[in-house]
Amino acid sequence: MADGGDRQTPSNRSLIRFTGKISNSRSETPAEKNVDWIACHDTLTELPNRRFLDSVCAQAMTDQREEAYAVFSIDLDGFKKVNDLLGHDHGDAVLKTVAQRLSSLFPREHVFRLGGDEFVVLARRTGNPDLAVLANRIVTVIGKPFTFNGVAVDLGASVGFALFPENGDDLSQVIRHSDCAMYVAKKQGRNLVKPFVPSMQDELAKRIRMEANLRAAIRKAEIVPYYQPLVDLKTNRIIGFEALARWKTASGEFIPPNEFIPVAEEAGLIVELTDQLLRHACTDALSWPSEIVLSFNLSPIQLSDRLLGLRILKIWGDVGLPAHRVELEVTESAIIQDAVTARIVLDDLVNAGVGIALDDFGTGYSSLSQLSNYRFDKIKIDRSFVSSFETDDKQDKVIRAIIALGVGLGVTITAEGIEEESQLQRLQDLGCDIGQGYLLGRPAPAEKLATGQASARILQRG
Ligand code: C2E
Ligand code: CA
Ligand code: CA
């Protein structure tokens, strides 16, 4: 097909000046479009791509015109779930719909797809528009109900925005800053809008440093499991250990798992980190008496990974630890987030003989019906109940109800965070099966397990 005069390329000045005259010739298939068009457009949504945006930025800066711009960086919330759960056809349909919805708010040529589920809107400012209102409109339009092939898709968007010339010397820098604001919005939850402020760069820089250090720490196997005893409250004997990840930096500082596990998840490092930790923990567990169980935490995000079961089974096979000696701890939110995949992953593991514990019970929002949909071997009552139940009658009732639920369902109940002798006594009186907490033993490195305070404390009680 001949190269139509209205098909713009980055080298075409009328477009680069951003005058709004771009034809996307939507009746043509991508194959019919010329090579230049394809090079600077995303063929799925037919929006201009990153290359196009780069050329727009370069040109805007050489034009010497005193234009003012607003840049909106948009990242979809929940897109990965759509792709993983419903397949790439749904994912593609979502991206096309988002492209259309953004184009209903802004001229189509001002909307760019940078790849994945990332979009940018580059809007010329005239007058004094309320940009927060505009950004919230982006969130609203993307969050409108959407159904594909009869399946309702739940979508959201995180939006950051920045201004030229106020927030940067050139447009490229302003785009980086609006990206930075989007990243901060994303970290704080779904469907949020954040304007760029310079202090966000420190946060981003800190996060980039943390990610780089974490990558190096994983490469050097510097993150290791510590073990905290799980004690049978009827016999006072240790029946297992929970592996808890510990990152000791070169300067001797400990970074807690609550800080680095979320970074590992976001940076796509969690699979590698988990494989490494699990392999390490299983190898340690081989030297324990055969009745002692290893309890291992899985992140919510991992339960949406269909290959998880296979990888875990391979590690057990490699190390030679039988599956029945391992218990995996999952949280309620992990199961709710992606119920279909979670079931597939858990079923694979349960069929292999592994036990499943529901961690942090009482802090999530799962209903009892969800509880009965899965077969858990153990429920772990969250620390927050144990720390307050002696003084708070309601918490005491909750603990009693959970223990009764355990008896009814035939599920073992563990109480976490036991720090006081009186808490232990009360839990034993109520018939709680298993206890865990600083009173019974703090997390300790593998080499300290046999003679460490954990065992000493239990032996002394026993
Ligand atoms: P969690 O699974 O609920 O683990 C129990 C946490 O409570 C641990 O914190 C443990 O050190 C702490 N703890 C135990 N007994 C007591 C007590 O008596 N009092 C108090 N105040 N705290 C107690 P830690 O090791 O900092 O781990 C925090 C969370 O990080 C864990 O919570 C778990 O969700 C996550 N985590 C730890 N290791 C891993 C891992 O290897 N993989 C994944 N995905 N998550 C991990
Ligand atoms: Ca746990
Ligand atoms: Ca817990």
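The values are calculated or read from the model by the stated rules, or taken from the named source; none is laboratory data. Quick caveat, the model's predicted, so the values are computed rather than measured. Here Cβ is always computed from backbone atoms with ideal geometry, including for glycine, and neighbour counts include all displayed protein chains. Just the protein is used for accessible areas: all its heavy atoms, side chains included, with ligands, DNA and RNA removed. Shrake-Rupley method; radii C 1.70, N 1.55, O 1.52, S 1.80 Å.
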Report task. Would you check if D179 is open to solvent by less than 60 Å² (accessible area, probe 1.4 Å), closer than 21 Å to I208 by Cα and in contact with a helix residue (DSSP H, G or I) (Cβ under 6 Å, 6 or more places away or on another chain)? Result -> no
Requested in this report: Of the numbered conditions (1) under 22 Å from F241 (Cα atoms); (2) within 11 Å of ligand 1 (Cβ to nearest atom), V326 fails exactly one; give the number of that condition.
Outcome: (2)
Query raised in the report: Taking segment 414-441, which residues are among the polar types (S, T, N, Q) and crowded, with 17+ Cβ neighbours inside 10 Å?
Result: T414, Q423, Q436
Requested in this report: For segment 255-298, name all the residues that are more than 16 Å from ligand 3 (Cβ to nearest atom), hydroxyl-bearing (S, T, Y) and not in a loop (DSSP other than H, G, I, E, B).
Outcome: T274, T283
Requested in this report: Name the one entry in A342, A334 that is over 20 Å from I223 (Cα atoms), open to solvent by less than 20 Å² (accessible area, probe 1.4 Å) and either within 16 Å of ligand 3 (Cβ to nearest atom) or not in a helix (DSSP H, G or I) (or both).
Outcome: A334
Requested in this report: At least 3 residues that are open to solvent by 20 Å² or more (accessible area, probe 1.4 Å), farther than 19 Å from I175 by Cα and modelled with pLDDT under 85 in each: list the strands (runs of 3 or more DSSP E) lying fully within segment 59-135 that qualify.
Outcome: none
Query raised in the report: Considering segment 217-254 alone, what residues qualify as being open to solvent by 20 Å² or more (accessible area, probe 1.4 Å) and in a helix (DSSP H, G or I)?
Result: R219
Query raised in the report: Residue check, E390 against (1) within 16 Å of ligand 2 (Cβ to nearest atom); (2) of a type in the set (D, E, K, R); (3) in a loop (DSSP other than H, G, I, E, B); (4) touching a Ser or Thr at 6+ places or on another chain (Cβ under 7 Å), all met but one. Which one?
Result: (1)
Requested in this report: Out of D347, D392, report the one residue that is among the charged types (D, E, K, R) and either open to solvent by less than 50 Å² (accessible area, probe 1.4 Å) or within 30 Å of K80 (Cβ to Cβ) (or both).
Outcome: D347
Query - Residue in segment 258-265 that is closer than 30 Å to R176 by Cα, in contact with a helix residue (DSSP H, G or I) (Cβ under 6 Å, 6 or more places away or on another chain), open to solvent by 40 Å² or more (accessible area, probe 1.4 Å) and in the same structural domain as I292 (by TED's automatic domain parsing) present - result: yes
Report task. Report, ordered by the first and then the second residue, all pairs with beta carbons closer than 9 Å, sequence separation of six or more or different chains, a first member in segment 397-411 that is open to solvent by 60 Å² or more (accessible area, probe 1.4 Å), and a second member that is part of a helix (DSSP H, G or I). Result -> R400/L430; L409/L371; L409/S372
Query raised in the report: Out of all the residues in segment 357-379, is one or more open to solvent by less than 40 Å² (accessible area, probe 1.4 Å), of a type in the set (S, T, Y), outside any strand (DSSP E or B) and in the same structural domain as N236 (by TED's automatic domain parsing)?
Result: yes
Report task. Would you check which residues across segment 141-161 are in a strand (DSSP E or B) and open to solvent by less than 70 Å² (accessible area, probe 1.4 Å) and list them? Result -> F146, F148, V151, V153, G156, A157, S158, V159, G160, F161
